[in-house]
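The values are calculated or read from the model by the stated rules, or taken from the named source; none is laboratory data. Model, not experiment: these values are computed from the prediction. Reconstructed Cβ throughout: ideal geometry from the backbone, glycine too, with neighbour counts over all protein chains shown. Protein only, heavy atoms only, side chains kept; ligands, DNA and RNA dropped before computing areas. Shrake-Rupley method; radii C 1.70, N 1.55, O 1.52, S 1.80 Å.
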Amino acid sequence: MRRYWAPLAFVLPATVLIMLFFVAPVVTTLYLSLTDLSTITFQHPRWIGLGNYASLLRDPFIGKILFNTAHYLGFTLLFNIGMGLLLALLSSSVRERYGAQIRAVWLLPRILPPVVYVVIWQGLSREAPYGLISDLLGKSRNWITAQPWNVIILANGLVGASFGMLLFTSAIRAIPPDLFYASAVDGATTGQTVRRVVLPLLRWPILFVTAYQTLSLLTSFEYILLLTNGGPGFYTTTVWSLHAYQLALSNYFGNVQFGLGAAMAAVLVVIGIVVTLLYLRIFNFRALVGEPKVEVN
Amino acid sequence: MPLLPPRWRLVLLGVAALSLPVIAGIVWLILTGSFGEVRGLVPVGPLTLKNWRFGNRSATGRRSMSHCSTPWRSR
(Lines give C-alpha, C1' and ligand atoms only; values in the text may rest on other atoms or scores of the structure.)
Protein backbone atom coordinates (compact mmCIF):
# COMPACT_ATOMS: atom_id res chain seq x y z
CA MET A 1 0.00 0.00 0.00
CA ARG A 2 2.86 2.37 0.92
CA ARG A 3 4.25 2.34 -2.61
CA TYR A 4 0.99 3.88 -3.88
CA TRP A 5 1.15 6.89 -1.55
CA ALA A 6 3.50 8.99 -3.69
CA PRO A 7 1.49 8.61 -6.93
CA LEU A 8 -1.75 9.19 -4.98
CA ALA A 9 -0.33 12.37 -3.47
CA PHE A 10 0.59 13.61 -6.95
CA VAL A 11 -2.85 12.83 -8.34
CA LEU A 12 -4.78 14.22 -5.35
CA PRO A 13 -4.66 18.00 -6.08
CA ALA A 14 -5.87 17.53 -9.66
CA THR A 15 -8.54 15.07 -8.51
CA VAL A 16 -9.83 17.49 -5.87
CA LEU A 17 -9.98 20.33 -8.43
CA ILE A 18 -11.78 18.15 -10.99
CA MET A 19 -14.27 16.93 -8.38
CA LEU A 20 -14.88 20.48 -7.16
CA PHE A 21 -15.17 22.32 -10.45
CA PHE A 22 -16.26 19.65 -12.95
CA VAL A 23 -18.00 16.74 -11.23
CA ALA A 24 -19.78 18.70 -8.48
CA PRO A 25 -21.46 21.17 -10.91
CA VAL A 26 -22.65 18.27 -13.10
CA VAL A 27 -24.08 16.44 -10.07
CA THR A 28 -25.71 19.67 -8.84
CA THR A 29 -27.20 20.29 -12.31
CA LEU A 30 -28.56 16.74 -12.42
CA TYR A 31 -30.07 17.14 -8.95
CA LEU A 32 -31.63 20.53 -9.80
CA SER A 33 -33.07 19.08 -13.00
CA LEU A 34 -35.15 16.68 -10.88
CA THR A 35 -36.74 19.48 -8.85
CA ASP A 36 -39.20 22.27 -9.69
CA LEU A 37 -36.83 24.98 -8.42
CA SER A 38 -37.86 28.42 -9.70
CA THR A 39 -38.19 31.92 -8.27
CA ILE A 40 -41.71 31.04 -7.09
CA THR A 41 -40.69 27.77 -5.39
CA PHE A 42 -37.28 28.99 -4.28
CA GLN A 43 -37.99 28.50 -0.55
CA HIS A 44 -39.53 25.03 -0.88
CA PRO A 45 -38.52 23.25 -4.10
CA ARG A 46 -40.27 19.94 -4.70
CA TRP A 47 -38.79 16.73 -6.07
CA ILE A 48 -40.60 16.07 -9.35
CA GLY A 49 -38.46 13.28 -10.79
CA LEU A 50 -38.34 13.39 -14.56
CA GLY A 51 -41.07 16.04 -14.75
CA ASN A 52 -38.78 18.67 -16.26
CA TYR A 53 -37.64 16.24 -18.96
CA ALA A 54 -41.28 15.43 -19.74
CA SER A 55 -41.99 19.19 -20.00
CA LEU A 56 -39.12 19.51 -22.48
CA LEU A 57 -40.58 16.73 -24.63
CA ARG A 58 -43.99 18.45 -24.58
CA ASP A 59 -42.52 21.84 -25.60
CA PRO A 60 -43.74 22.50 -29.18
CA PHE A 61 -40.60 24.51 -30.01
CA ILE A 62 -38.04 22.00 -28.74
CA GLY A 63 -37.70 20.32 -32.16
CA LYS A 64 -36.97 23.66 -33.79
CA ILE A 65 -34.43 24.53 -31.09
CA LEU A 66 -32.72 21.16 -31.56
CA PHE A 67 -32.64 21.68 -35.34
CA ASN A 68 -31.25 25.22 -34.83
CA THR A 69 -28.50 23.80 -32.59
CA ALA A 70 -27.53 21.17 -35.17
CA HIS A 71 -27.60 23.77 -37.96
CA TYR A 72 -25.48 26.23 -35.99
CA LEU A 73 -23.05 23.55 -34.84
CA GLY A 74 -22.64 21.90 -38.25
CA PHE A 75 -22.09 24.99 -40.37
CA THR A 76 -19.98 26.91 -37.84
CA LEU A 77 -17.81 23.85 -37.23
CA LEU A 78 -17.36 23.33 -40.96
CA PHE A 79 -16.36 26.98 -41.40
CA ASN A 80 -14.04 26.94 -38.35
CA ILE A 81 -12.17 23.77 -39.25
CA GLY A 82 -12.10 24.40 -43.02
CA MET A 83 -10.98 27.99 -42.75
CA GLY A 84 -8.52 27.21 -39.95
CA LEU A 85 -6.95 24.47 -42.04
CA LEU A 86 -6.85 26.62 -45.18
CA LEU A 87 -5.28 29.53 -43.31
CA ALA A 88 -2.71 27.30 -41.61
CA LEU A 89 -1.74 25.61 -44.89
CA LEU A 90 -1.49 28.87 -46.81
CA SER A 91 0.21 30.92 -44.11
CA SER A 92 2.78 28.11 -43.68
CA SER A 93 3.47 27.94 -47.41
CA VAL A 94 4.48 31.55 -47.91
CA ARG A 95 7.38 33.55 -46.51
CA GLU A 96 7.13 33.76 -42.72
CA ARG A 97 6.86 37.57 -42.88
CA TYR A 98 3.56 37.34 -44.81
CA GLY A 99 2.35 34.25 -42.99
CA ALA A 100 2.72 35.97 -39.61
CA GLN A 101 0.80 39.00 -40.89
CA ILE A 102 -2.10 36.85 -42.11
CA ARG A 103 -2.24 35.04 -38.76
CA ALA A 104 -2.10 38.33 -36.85
CA VAL A 105 -5.08 39.71 -38.82
CA TRP A 106 -7.13 36.58 -38.13
CA LEU A 107 -6.37 36.78 -34.42
CA LEU A 108 -7.95 40.24 -34.15
CA PRO A 109 -11.58 39.02 -33.78
CA ARG A 110 -10.50 36.64 -31.03
CA ILE A 111 -8.82 39.32 -28.94
CA LEU A 112 -11.78 41.70 -29.25
CA PRO A 113 -14.32 41.55 -26.41
CA PRO A 114 -17.54 39.87 -27.72
CA VAL A 115 -19.61 43.02 -27.15
CA VAL A 116 -17.25 45.18 -29.23
CA TYR A 117 -17.08 42.47 -31.91
CA VAL A 118 -20.89 42.32 -32.10
CA VAL A 119 -21.08 46.14 -32.28
CA ILE A 120 -18.84 45.91 -35.36
CA TRP A 121 -21.20 43.36 -36.95
CA GLN A 122 -24.23 45.47 -36.10
CA GLY A 123 -22.55 48.47 -37.72
CA LEU A 124 -21.53 46.58 -40.84
CA SER A 125 -24.97 44.96 -41.21
CA ARG A 126 -27.05 48.16 -41.03
CA GLU A 127 -29.23 49.50 -43.83
CA ALA A 128 -27.74 51.74 -46.53
CA PRO A 129 -26.12 54.21 -46.50
CA TYR A 130 -24.56 53.25 -43.13
CA GLY A 131 -23.97 49.52 -43.46
CA LEU A 132 -20.97 48.29 -45.43
CA ILE A 133 -22.63 44.98 -46.44
CA SER A 134 -25.67 46.83 -47.83
CA ASP A 135 -23.28 49.15 -49.68
CA LEU A 136 -21.30 46.29 -51.21
CA LEU A 137 -24.30 44.15 -52.15
CA GLY A 138 -26.36 47.10 -53.40
CA LYS A 139 -29.37 46.04 -51.30
CA SER A 140 -30.45 48.12 -48.37
CA ARG A 141 -31.53 45.95 -45.48
CA ASN A 142 -30.54 45.05 -41.96
CA TRP A 143 -28.62 41.86 -42.63
CA ILE A 144 -28.85 40.58 -39.07
CA THR A 145 -32.65 40.52 -39.42
CA ALA A 146 -32.67 39.44 -43.07
CA GLN A 147 -30.02 36.68 -42.88
CA PRO A 148 -29.58 35.97 -39.17
CA TRP A 149 -27.99 32.53 -39.56
CA ASN A 150 -25.45 33.65 -42.15
CA VAL A 151 -24.36 36.56 -39.95
CA ILE A 152 -24.18 34.36 -36.83
CA ILE A 153 -22.18 31.63 -38.58
CA LEU A 154 -19.82 34.12 -40.22
CA ALA A 155 -19.34 36.12 -37.02
CA ASN A 156 -18.65 32.95 -35.01
CA GLY A 157 -16.58 31.43 -37.78
CA LEU A 158 -14.23 34.39 -38.06
CA VAL A 159 -13.49 34.07 -34.34
CA GLY A 160 -13.30 30.27 -34.28
CA ALA A 161 -11.08 29.88 -37.36
CA SER A 162 -8.12 31.46 -35.55
CA PHE A 163 -8.07 28.66 -32.97
CA GLY A 164 -7.74 25.95 -35.60
CA MET A 165 -5.30 28.09 -37.57
CA LEU A 166 -2.89 28.36 -34.64
CA LEU A 167 -3.03 24.68 -33.73
CA PHE A 168 -2.76 23.45 -37.33
CA THR A 169 0.13 25.85 -38.02
CA SER A 170 2.11 24.52 -35.07
CA ALA A 171 1.32 20.94 -36.14
CA ILE A 172 2.46 21.64 -39.72
CA ARG A 173 5.69 23.15 -38.39
CA ALA A 174 6.29 19.99 -36.35
CA ILE A 175 6.29 17.79 -39.46
CA PRO A 176 9.89 16.63 -40.13
CA PRO A 177 11.21 18.36 -43.28
CA ASP A 178 12.59 14.99 -44.49
CA LEU A 179 9.05 14.00 -45.42
CA PHE A 180 8.70 17.04 -47.67
CA TYR A 181 12.11 16.39 -49.25
CA ALA A 182 11.13 12.76 -49.85
CA SER A 183 7.83 13.75 -51.46
CA ALA A 184 9.64 16.31 -53.65
CA VAL A 185 12.15 13.65 -54.74
CA ASP A 186 9.23 11.36 -55.58
CA GLY A 187 7.85 14.13 -57.82
CA ALA A 188 4.75 14.91 -55.76
CA THR A 189 2.91 18.11 -56.62
CA THR A 190 1.95 20.65 -53.94
CA GLY A 191 -1.60 19.30 -53.84
CA GLN A 192 -0.37 15.70 -53.51
CA THR A 193 2.04 16.69 -50.73
CA VAL A 194 -0.81 18.31 -48.81
CA ARG A 195 -3.16 15.38 -49.39
CA ARG A 196 -0.71 12.51 -48.82
CA VAL A 197 1.78 13.96 -46.31
CA VAL A 198 0.34 16.91 -44.40
CA LEU A 199 -3.31 15.97 -43.88
CA PRO A 200 -2.67 12.41 -42.58
CA LEU A 201 -0.22 13.87 -40.05
CA LEU A 202 -2.80 16.45 -38.94
CA ARG A 203 -5.38 13.86 -37.90
CA TRP A 204 -4.70 14.27 -34.19
CA PRO A 205 -4.94 18.11 -34.16
CA ILE A 206 -8.02 17.93 -36.40
CA LEU A 207 -9.67 15.54 -33.92
CA PHE A 208 -8.76 17.81 -31.02
CA VAL A 209 -9.99 21.01 -32.71
CA THR A 210 -13.19 19.32 -33.91
CA ALA A 211 -14.03 17.88 -30.46
CA TYR A 212 -13.05 21.05 -28.61
CA GLN A 213 -14.94 23.36 -30.96
CA THR A 214 -18.02 21.11 -30.91
CA LEU A 215 -18.22 21.21 -27.12
CA SER A 216 -17.46 24.90 -27.13
CA LEU A 217 -20.14 25.70 -29.73
CA LEU A 218 -22.70 23.52 -27.95
CA THR A 219 -22.36 25.53 -24.76
CA SER A 220 -21.47 29.02 -25.98
CA PHE A 221 -24.24 31.37 -27.03
CA GLU A 222 -22.90 34.85 -26.29
CA TYR A 223 -22.62 35.91 -29.94
CA ILE A 224 -26.17 34.73 -30.70
CA LEU A 225 -27.47 36.43 -27.55
CA LEU A 226 -25.83 39.72 -28.49
CA LEU A 227 -26.58 39.57 -32.23
CA THR A 228 -30.18 38.34 -32.33
CA ASN A 229 -31.14 37.18 -28.82
CA GLY A 230 -32.67 34.11 -30.44
CA GLY A 231 -34.80 36.10 -32.92
CA PRO A 232 -36.01 37.56 -35.12
CA GLY A 233 -39.47 36.16 -34.40
CA PHE A 234 -40.09 33.00 -32.41
CA TYR A 235 -36.97 30.91 -31.80
CA THR A 236 -35.52 31.62 -35.27
CA THR A 237 -31.94 31.46 -33.99
CA THR A 238 -32.46 30.08 -30.49
CA VAL A 239 -30.02 27.27 -29.75
CA TRP A 240 -30.20 24.78 -26.89
CA SER A 241 -27.75 26.56 -24.57
CA LEU A 242 -29.36 29.97 -25.17
CA HIS A 243 -32.80 28.52 -24.38
CA ALA A 244 -31.42 26.93 -21.19
CA TYR A 245 -29.96 30.30 -20.20
CA GLN A 246 -33.24 32.11 -20.92
CA LEU A 247 -35.23 29.57 -18.90
CA ALA A 248 -32.83 29.36 -15.99
CA LEU A 249 -31.45 32.87 -15.67
CA SER A 250 -33.19 35.40 -17.90
CA ASN A 251 -36.94 35.25 -18.32
CA TYR A 252 -39.20 38.03 -19.60
CA PHE A 253 -41.81 37.28 -16.97
CA GLY A 254 -39.44 37.24 -14.04
CA ASN A 255 -40.12 33.62 -13.06
CA VAL A 256 -36.83 31.97 -13.87
CA GLN A 257 -37.08 28.18 -13.89
CA PHE A 258 -33.80 26.84 -12.57
CA GLY A 259 -35.02 23.24 -12.60
CA LEU A 260 -36.12 23.27 -16.24
CA GLY A 261 -32.93 25.10 -17.27
CA ALA A 262 -30.86 22.50 -15.39
CA ALA A 263 -32.71 19.72 -17.27
CA MET A 264 -31.76 21.36 -20.58
CA ALA A 265 -28.15 21.70 -19.40
CA ALA A 266 -28.11 18.01 -18.39
CA VAL A 267 -29.33 17.02 -21.87
CA LEU A 268 -26.53 19.17 -23.32
CA VAL A 269 -23.96 17.31 -21.20
CA VAL A 270 -25.24 14.00 -22.56
CA ILE A 271 -25.19 15.30 -26.16
CA GLY A 272 -21.59 16.52 -25.62
CA ILE A 273 -20.46 13.13 -24.29
CA VAL A 274 -22.17 11.23 -27.13
CA VAL A 275 -20.68 13.52 -29.80
CA THR A 276 -17.18 13.27 -28.29
CA LEU A 277 -17.36 9.45 -28.17
CA LEU A 278 -18.51 9.51 -31.78
CA TYR A 279 -15.50 11.63 -32.79
CA LEU A 280 -13.11 9.29 -30.96
CA ARG A 281 -14.61 6.43 -32.95
CA ILE A 282 -14.51 8.26 -36.31
CA PHE A 283 -10.89 9.41 -35.87
CA ASN A 284 -9.84 5.99 -34.53
CA PHE A 285 -8.56 7.40 -31.26
CA ARG A 286 -7.03 4.11 -30.12
CA ALA A 287 -4.73 4.01 -33.14
CA LEU A 288 -3.82 7.67 -32.70
CA VAL A 289 -2.60 7.21 -29.13
CA GLY A 290 -1.22 3.70 -29.68
CA GLU A 291 2.43 2.72 -29.83
CA PRO A 292 4.05 3.72 -33.16
CA LYS A 293 4.50 0.80 -35.49
CA VAL A 294 8.08 1.80 -36.28
CA GLU A 295 10.27 2.72 -33.33
CA VAL A 296 13.37 4.79 -34.16
CA ASN A 297 16.08 5.06 -31.50
CA MET B 1 6.46 23.14 -45.24
CA PRO B 2 7.94 24.10 -48.62
CA LEU B 3 7.03 27.48 -50.10
CA LEU B 4 4.26 27.57 -52.68
CA PRO B 5 5.43 27.62 -56.30
CA PRO B 6 4.89 31.00 -58.03
CA ARG B 7 1.73 29.92 -59.85
CA TRP B 8 0.09 29.26 -56.47
CA ARG B 9 0.68 32.85 -55.36
CA LEU B 10 -2.84 33.68 -56.51
CA VAL B 11 -4.02 31.63 -53.55
CA LEU B 12 -2.33 34.15 -51.28
CA LEU B 13 -4.43 36.87 -52.86
CA GLY B 14 -7.47 34.72 -52.09
CA VAL B 15 -6.46 34.54 -48.42
CA ALA B 16 -5.91 38.29 -48.37
CA ALA B 17 -9.43 38.69 -49.80
CA LEU B 18 -10.81 36.37 -47.10
CA SER B 19 -9.11 38.53 -44.48
CA LEU B 20 -10.82 41.68 -45.74
CA PRO B 21 -14.01 41.32 -43.61
CA VAL B 22 -11.85 41.14 -40.49
CA ILE B 23 -9.85 44.20 -41.50
CA ALA B 24 -13.00 46.07 -42.61
CA GLY B 25 -14.55 45.50 -39.17
CA ILE B 26 -11.58 46.94 -37.33
CA VAL B 27 -11.34 49.90 -39.74
CA TRP B 28 -15.08 50.56 -39.25
CA LEU B 29 -14.63 50.49 -35.46
CA ILE B 30 -11.83 53.04 -35.57
CA LEU B 31 -13.64 55.30 -38.07
CA THR B 32 -16.92 55.20 -36.12
CA GLY B 33 -15.08 56.11 -32.97
CA SER B 34 -13.32 59.04 -34.58
CA PHE B 35 -15.85 60.64 -36.95
CA GLY B 36 -19.31 62.15 -36.44
CA GLU B 37 -20.89 59.93 -39.13
CA VAL B 38 -19.63 57.00 -41.18
CA ARG B 39 -21.33 55.53 -44.26
CA GLY B 40 -19.95 52.11 -45.08
CA LEU B 41 -16.26 52.79 -44.61
CA VAL B 42 -16.46 56.43 -45.73
CA PRO B 43 -16.45 59.07 -43.00
CA VAL B 44 -18.89 61.88 -43.86
CA GLY B 45 -19.09 63.65 -40.51
CA PRO B 46 -16.33 65.78 -39.04
CA LEU B 47 -13.39 64.29 -37.19
CA THR B 48 -14.30 64.36 -33.53
CA LEU B 49 -12.99 63.17 -30.19
CA LYS B 50 -16.53 63.20 -28.73
CA ASN B 51 -16.67 59.40 -28.54
CA TRP B 52 -13.44 59.29 -26.58
CA ARG B 53 -14.89 61.37 -23.75
CA PHE B 54 -15.16 58.23 -21.63
CA GLY B 55 -11.50 58.93 -20.81
CA ASN B 56 -12.44 61.73 -18.45
CA ARG B 57 -15.98 60.71 -17.51
CA SER B 58 -17.37 58.20 -15.05
CA ALA B 59 -19.56 55.29 -16.15
CA THR B 60 -22.70 57.34 -15.43
CA GLY B 61 -21.72 59.93 -18.02
CA ARG B 62 -20.73 62.55 -15.48
CA ARG B 63 -17.28 63.98 -15.37
CA SER B 64 -14.96 62.14 -13.06
CA MET B 65 -14.36 63.66 -9.64
CA SER B 66 -10.88 64.84 -10.51
CA HIS B 67 -12.41 67.37 -12.92
CA CYS B 68 -15.28 68.47 -10.70
CA SER B 69 -15.06 71.81 -9.08
CA THR B 70 -16.12 71.21 -5.49
CA PRO B 71 -17.75 74.10 -3.58
CA TRP B 72 -14.76 74.65 -1.32
CA ARG B 73 -12.44 74.65 -4.33
CA SER B 74 -14.58 77.07 -6.33
CA ARG B 75 -14.68 79.57 -3.53
Going by a 1.4 Å probe on protein heavy atoms, which residues of the stretch A:128-147 end up with at least 10 Å² less accessible surface in the whole assembly than in their chain alone? A:P129, A:Y130, A:L132, A:D135
Per residue, how much accessible surface does the protein assembly as shown expose to a 1.4 Å probe? Answer in Å², no decimals. 61 Å²
Chain A, relative contact order in percent, only Cα pairs under 8 angstrom and at least six apart counted: 26 percent
Sum up the charges of everything whose Cβ sits under 11 Å from the Cβ of A:E96, counting Lys and Arg as +1 and Asp and Glu as -1, but leave A:E96 out. +4
Please work out the FRET efficiency for the pair A:N255 and A:A100, using the Cβ-Cβ distance as r and a Förster radius of 30 Å; give the result to the nearest 0.05. 0.05
Could you rank A:L166, A:L37 by how accessible they are, 1.4 Å probe, largest area first? A:L166, A:L37
Can you pull the one-decimal nm distance between simple spin-label points at A:V23 and A:V185, each 7 Å off the Cα toward Cβ? 5.3 nm
The long-range amide H neighbours of A:T35, using H built 1.01 Å from N in the peptide plane and a cut-off of under 5 Å, are A:I48
For the pair A and B, how large is the buried accessible area, both sides, in square angstrom to the nearest 100, if the probe is 1.4 Å? 2500 Å²
For the protein assembly as shown, compute Rg over Rh where Rg is the Cα radius of gyration and Rh is the Kirkwood radius from the inverse mean 1/r over Cα pairs. 1.05
Residue order for A:D36, A:D178, A:D135 - accessible surface, 1.4 angstrom probe, largest first: A:D178, A:D135, A:D36
Rounded to the nearest 500 deg cm²/dmol, what is the calculated helix-only ellipticity per residue at 222 nm for chain A, with -39500 (n - 2.57) per DSSP H run of length n ≥ 4? -21500 deg cm²/dmol
Sum of side-chain charges, B:G40 neighbourhood, beta-carbon under 15 Å (Lys, Arg +1; Asp, Glu -1): +1
Using a Förster distance of 35 angstrom, determine the FRET efficiency expected from the C-beta separation of A:I282 and B:V44, and round it to 0.05. 0.10
Over the stretch A:13-107, what is the mean sequence separation of C-alpha contacts under 8 Å (at least six apart), divided by residue count, expressed as relative contact order in percent? 12 percent
Short version: which residues of the stretch A:182-198 lose at least 20 Å² of accessible area, all chains versus chain alone, 1.4 Å probe? A:T190
What are the membrane-span-like helices in chain A by this rule: whole DSSP H runs, Cα extent along the axis at least 30 Å, mean Kyte-Doolittle hydropathy at least 0.5? A:62-92, A:148-173, A:258-282
Per the 1.4 Å probe, what fraction of the accessible area of the stretch A:72-239, in percent, lies on carbon and sulfur atoms? 64 percent
On full extension of the chain, what length is gained from A:L8 through A:A54, given 0.36 nm per residue of separation minus the C-alpha to C-alpha distance? 12.3 nm
Taking amide H positions as placed in the peptide plane 1.01 Å from N, state which residues far from B:T48 in sequence (5 or more) or on other chains have amide H under 5 Å from it. B:F35, B:G36
Distance between modelled label sites at B:R53 and A:F234, nm, 7 Å Cα→Cβ extension: 4.5 nm
